[in-house]
1. Looking at the stretch 237-284, which of its residues are among the polar types (S, T, N, Q) and without any contact (Cβ under 8 Å) to a residue 60 or more places away in the chain?
2. Within the stretch 117-170, count every residue that is farther than 24 Å from residue 289 by Cα and assigned to a strand (DSSP E or B).
3. Taking residue 142 as meeting all but one of (1) assigned by TED's automatic domain parsing to the domain that holds residue 269; (2) surrounded by fewer than 18 Cβ atoms within 10 Å (Cβ to Cβ); (3) polar (S, T, N, Q), write down the number of the exception.
4. Only one residue in 95, 77, 109 is modelled with pLDDT of 95 or more, in a loop (DSSP other than H, G, I, E, B), among the basic types (Lys, Arg) and more than 23 Å from residue 289 (Cα to Cα), so which one is that?
5. Are any residues in the stretch 158-171 at pLDDT 95 or above and on the phi > 0 side of the Ramachandran plot, and if so, which ones?
6. If you check residue 305 against the conditions, is it surrounded by 23 or more Cβ atoms within 10 Å (Cβ to Cβ), part of a helix (DSSP H, G or I) and within 18 Å of the chain's Cα centre (by Cα)?
7. Suppose the filter is modelled with pLDDT of 95 or more, at positive phi and surrounded by fewer than 18 Cβ atoms within 10 Å (Cβ to Cβ); does residue 63 pass it?
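The values are calculated or read from the model by the stated rules, or taken from the named source; none is laboratory data. None of these values were measured; they are calculated from a predicted model. Using ideal geometry, Cβ is built from the backbone for each residue, glycine included, and neighbour counts are taken over all protein chains shown.
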Amino acid sequence: MRFAGIQGLHDYPDGFFWPSAAPPDMVFPELKMKQKKKIAVVPGDGIGKEVIAAALRVIRAVKAPVEMTEFDWSADRYLKDGTTVPADGFATLSRDFDTILLGALGDPRVPTNIHAKEILLGMRFKMDLYANVRPVKLLDASLCPLKGVEPKDVDFTIIRENTEGLYCDVGGVFKQGTAEEVAVQEDVNTRKGVERIIRYAFDYARNHELKKVLMSDKSNVLTYAHGLWQRVFKEVAAEKVHASIEASHMYVDALCLQMVRDPRQFQVIVTNNMFGDIITDLAAALQGGLGMAASGNIHPGRTSMFEPVHGSAPPLAGKNVANPMGAILTAAMMLKHLGLSAEAEKIEAAVLEAVRLKKTTADVGGGLGTKECAEWVANKVS
């Protein structure tokens, strides 16, 4: 299948499609079930290309019933013809794909990183992917910098509001470049945005049979914006359907301290866009670094996007040293989101064994390159 008007696409040959002219009553239910899930792949820049290639190798090895179509949105494309996202790009993703697998973005050849902003933040904001979901799970004690911490002690999820807050790009500069310069950046919080992310957190806890949801803010100082978070959190927590869930609160500075002191106390943490950005990096350190971290950007019922959370790391690009596990675990998270739990669990089990046997890259104690690490996992799941 090809999409008119979109440059830079190529199709993988394993797709399953009914002819576009076939009437709906010709598609039998038992054949509908065999239709493959459609994944848009955006490898991005730097090591993003390498780790996404590793993830695709594992997806194919596990024989997941998916069709993957690659988009060349990247610094290379931007430098070639000035395109960040084609005019109908986001509409195509929303209409024609079930999920998106995105690599890292960022390239020193584009100092403004305009392509990264328009692709990544464009997906989040224009596709309204309001829930950033970051599982924090330690696979082996050797990966955690905290002494005496076991895998059972680091197993929680951070849910970050993804479309509001300080990342809305609302503000301005007055008298720029002078001694009297004034810069203002506004923190945008709407009742709709705050309530839906808090409800998502409680729903996530119920769906995963978890008993604790903690909300983090700085309402003792940011009394207007985070006062809204306080009120909504208390209202939602008080609803009868949430009676079995323990709702609690920490200021974000106290939360950072407690995440290091005793991560065992957390199950689900929900917070705003900026604080979520910060504490998820701290949380990644507890599980072995950003190279082990997976994430999803989700709007229930819509096309969602999944990405490993490390950067594009240009100095490491092309050297076969980048850790692919975050991308592989992101692929597993994406497959689970698509209802392919058996395939996802096989991948997660293979990654766990690779970590325990040190069949990994050097940053997590192994001696393999990016490709060799991916090949080991792929052989394990095939």
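1. Scanning the stretch 237-284 gives 244, 248, 258, 265.
2. 1
3. Condition (1) is where residue 142 drops out.
4. Being modelled with pLDDT of 95 or more, in a loop (DSSP other than H, G, I, E, B), among the basic types (Lys, Arg) and more than 23 Å from residue 289 (Cα to Cα) holds for just one of 95, 77, 109, which is 109.
5. Scanning the stretch 158-171 gives 165, 171.
6. Against the criterion (surrounded by 23 or more Cβ atoms within 10 Å (Cβ to Cβ), part of a helix (DSSP H, G or I) and within 18 Å of the chain's Cα centre (by Cα)), residue 305 does not qualify.
7. When the stated conditions are applied, residue 63 passes them.
Yes/no per residue for (1) assigned to a helix (DSSP H, G or I); (2) out of contact with any Pro (no Cβ under 7 Å at 6 or more places or on another chain); (3) touching a residue at least 12 places away in the same chain (Cβ under 8 Å):
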site	(1), (2), (3)
309	no, yes, yes
318	no, yes, yes
322	no, yes, yes
326	yes, no, yes
343	yes, yes, yes
353	yes, yes, yes
368	no, yes, no
373	yes, no, yes
